[in-house]
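If you scroll down you'll find the structure; I have some questions about it.
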Amino acid sequence: MHSKPKALWLQGLTCNGNSHSFLNHPQLGILMERFELLYHPHLPCTLSLEAVVTCMHECDLLLFEGAFEPTMRRAGVALERLLEHYGACAAQIVAVGSCASFGGVFGSSGGLDAQSQAWSEKIINLSGCPIHPEWLALILSGFAEGSAFALDAQRRPKALYAHLVHHGCTRNEYFEWKVDAKGFGVNEGCLYYDQGCRGVLSHGSCNRILWGGVSSKTRSGQPCFGCTESDFPRRDLFKTRKNMSIPHEVPLGVSKRAYLTLAGIAKTFTIERLSKDLMDD
Ligand code: SF4
């Protein structure tokens, strides 16, 4: 019988959000049976943190959550030293969440791939604040099965990040006809023009792989705030910056001219059905 791949979960500066999200995966037990989990702060594992920091062990898969902070120590040992050792022996490194991928909320020193050129080819960035548990499940299953993932320019798996959050949003029709939501939490209207929704600017599968199997930010009436992108977090999260009523940023890959032309035409029509409260009438 082949031995199971050894997985190790280390943390930098983190709120634990990605761990908590992952703990909600409905098949967590089955997923983790495919690995020997050396260490995770909240899951049953074979090593203590004190044993991990001796650097006498090796892992096949390194999962890193949180921002890398060079001065941080774990059980008295510099995080830099732990990353150097486990990063070198791992066949693959997964930066779990936006802080590990790009620096995120805490980071001033960038993502994991900025820490060592020796690792950069091994890294998969799973950005998101937090990540969807299914995204990590896909990467774990792929690693256990020896599958390779096509990555985008920011080393994110294309299977999860090639499309925009806008794709699959139930409000697409409102976006097309420029019917704006009247506020947060309402069922009707698009959240782009007034509420700062970044679904048309952010890569992610939040509206295709639903949270809890049923929902997403935009489905619940909250704008996407672009947590999968490397410039997250940015200022004015719930505000659409405009200049003379024209949005400062238009949908990704669309010219301002094309956007304004189509928006102008759409606004000359009133779609009666879309001006009604479809859910709460
Ligand atoms: S609410 Fe956001 S994601 Fe949904 S259609 Fe509008 S811009 Fe796109």
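Arranged from highest to lowest average of other beta-carbon atoms within 10 Å per residue, in what order do the peptides 3-9, 30-36, 145-151, 61-67 appear?
61-67, 3-9, 30-36, 145-151
Take the alpha carbon atoms of region 59-113, find their center, do the same for region 245-281, and report the distance between the two centers in whole angstrom.
Between the Cα centres of region 59-113 and region 245-281 lies a distance of 42 Å.
Under 1.5 on a/c is rounded, so check that first for region 51-120, then, if it is not, pick prolate when a/b is larger than b/c and oblate when it is not; a ≥ b ≥ c are the square roots of the alpha carbon gyration tensor eigenvalues.
oblate
Could you give the size of the charge dipole of the chain about its Cα centre, using +1 on the Cβ of each K and R and -1 on the Cβ of each D and E, expressed in debye and rounded to the nearest 20? It would help to have the intermediate numbers written out before the result.
Details: 27 positive and 27 negative charges, 144 e Å.
So the dipole magnitude of the chain works out to roughly 680 debye.
Follow-up. Report the local net charge at residue 217: Lys and Arg +1, Asp and Glu -1, summed over other residues whose C-beta lies under 15 Å from its C-beta.
+3
Any idea what the dipole of region 235-281 comes to, in debye rounded to 20, about its Cα centre with Lys/Arg Cβ at +1 and Asp/Glu Cβ at -1? Each step should come with its number before you reach the end.
Working: 9 positive and 6 negative charges, 81 e Å.
With Lys and Arg at +1 and Asp and Glu at -1, about 380 debye.
Mind ordering 116-126, 262-272 by average Cβ neighbours within 10 Å, highest first?
On the way: 116-126: 17.5, 262-272: 11.1.
My ranking of the peptides, most packed first, is 116-126, 262-272.
If you don't mind, there's one more thing I want to ask. Lys and Arg at +1, Asp and Glu at -1: add these up for the other residues within a Cβ distance under 9 Å of residue 92 and post the number.
Details: positive: 122; negative: 60.
Local net charge: 0.
May I pose another question? Where a ≥ b ≥ c are the square roots of the eigenvalues of the C-alpha gyration tensor, would you call region 163-281 rounded, which needs a/c under 1.5, or, failing that, prolate if a/b is larger than b/c, or oblate?
Oblate, since a/c reaches 1.5 and b/c is not below a/b.
For region 5-22 and region 160-176, what is the separation of their C-alpha centers, rounded to whole Å?
The distance from the Cα centre of region 5-22 to that of region 160-176 comes to 29 Å.
In addition: Sort by residue number and name the cysteines in the chain that have no neighbouring cysteine Cβ under 4.7 Å.
15, 45, 55, 59, 89, 99, 169, 190, 197, 206, 224 - these cysteines have no disulfide-compatible partner (Cβ-Cβ under 4.7 Å) in the chain.
Using DSSP, restrict attention to beta bridges with both residues in region 6-159 and report what percent are antiparallel, rounded to the nearest 5.
If I count the DSSP bridges inside region 6-159, around 20 percent turn out antiparallel.
Right, something else. Below 11 angstrom from the Cβ of residue 155, what's the summed charge of the other residues (Lys, Arg +1; Asp, Glu -1)?
0
Work from the charge dipole of the chain (Cβ charges, +1 for Lys and Arg, -1 for Asp and Glu, about the Cα centre) and give the residue of 146, 199, 275 farthest towards its positive end.
The one lying farthest along the dipole's positive direction is 275.
Next question, about the same structure. Give me the orientation-averaged projected area of the Cα convex hull of region 145-228, in nm², one decimal.
Averaging across all directions leaves 6.2 nm² for the Cα convex hull.
Right, next: Using a/c under 1.5 as the rounded threshold, could you call region 76-209 rounded, prolate or oblate? The axes a ≥ b ≥ c are square roots of the C-alpha gyration tensor eigenvalues, and prolate needs a/b larger than b/c, oblate otherwise. Write out the running numbers ahead of the final one.
Details: a/c = 3.04, a/b = 2.03, b/c = 1.50.
Prolate shape, in that a/c is at least 1.5 and a/b is the bigger ratio.
Which value, in debye to the nearest 20, gives the size of the charge dipole of region 1-74 about its Cα centre, when Lys and Arg are +1 and Asp and Glu are -1 at the Cβ?
40
Which of the peptides 47-59, 83-95, 241-253 is most tightly packed, and how do the rest follow, judged by the mean count of other Cβ atoms within 10 Å per residue?
Working: 47-59: 15.8, 83-95: 20.3, 241-253: 11.4.
Descending mean neighbour count gives 83-95, 47-59, 241-253.
Taking the chain as a Gaussian network, Cα atoms linked when under 10 Å apart, which of 260, 79, 136 shows the biggest mean-square fluctuation?
260
On to the next question. With unit charges on the beta carbons (Lys and Arg positive, Asp and Glu negative) and the dipole taken about the Cα centre of region 6-159, which residue among 54, 32, 120 sits farthest to the positive side?
Projecting each Cα onto the dipole axis, the largest value belongs to 120.
State, as an integer percentage, the relative contact order of region 163-281 based on alpha-carbon contacts under 8 Å between residues 6 or more apart.
With pairs under 8 Å counted, the relative contact order is 29 percent.
Which three semi-axes in whole Å describe the equivalent ellipsoid of the chain, each the square root of 5 times a Cα gyration tensor eigenvalue, listed largest first?
Working: eigenvalues 324, 74, 49 Å².
Three semi-axes, in Å: 40, 19, 16.
Across the Cα atoms of region 111-162, what radius of gyration and what greatest pairwise Cα-Cα distance (Dmax) are found, in Å?
Calculated on Cα positions, Rg and Dmax stand at 11.1, 29 Å.
Beyond 25 Å, what share of the Cα-Cα pairs of region 6-159 remains, rounded to the nearest whole percent?
That fraction is 19 percent.
Considering the options 264, 251, 129, tell which one lies farthest towards the positive end of the dipole of the chain, charges being +1 on Lys and Arg and -1 on Asp and Glu at the Cβ, about the Cα centre.
Towards the positive end, the residue furthest out is 264.
Any read-out appearing in this document is the output of simple, stated calculations on the displayed coordinates, not a laboratory observation. Remember, predicted model here, so these are calculated numbers, not experimental data. Note that each Cβ is placed from the backbone with ideal geometry, even for glycine, and that neighbours are counted across all protein chains shown.
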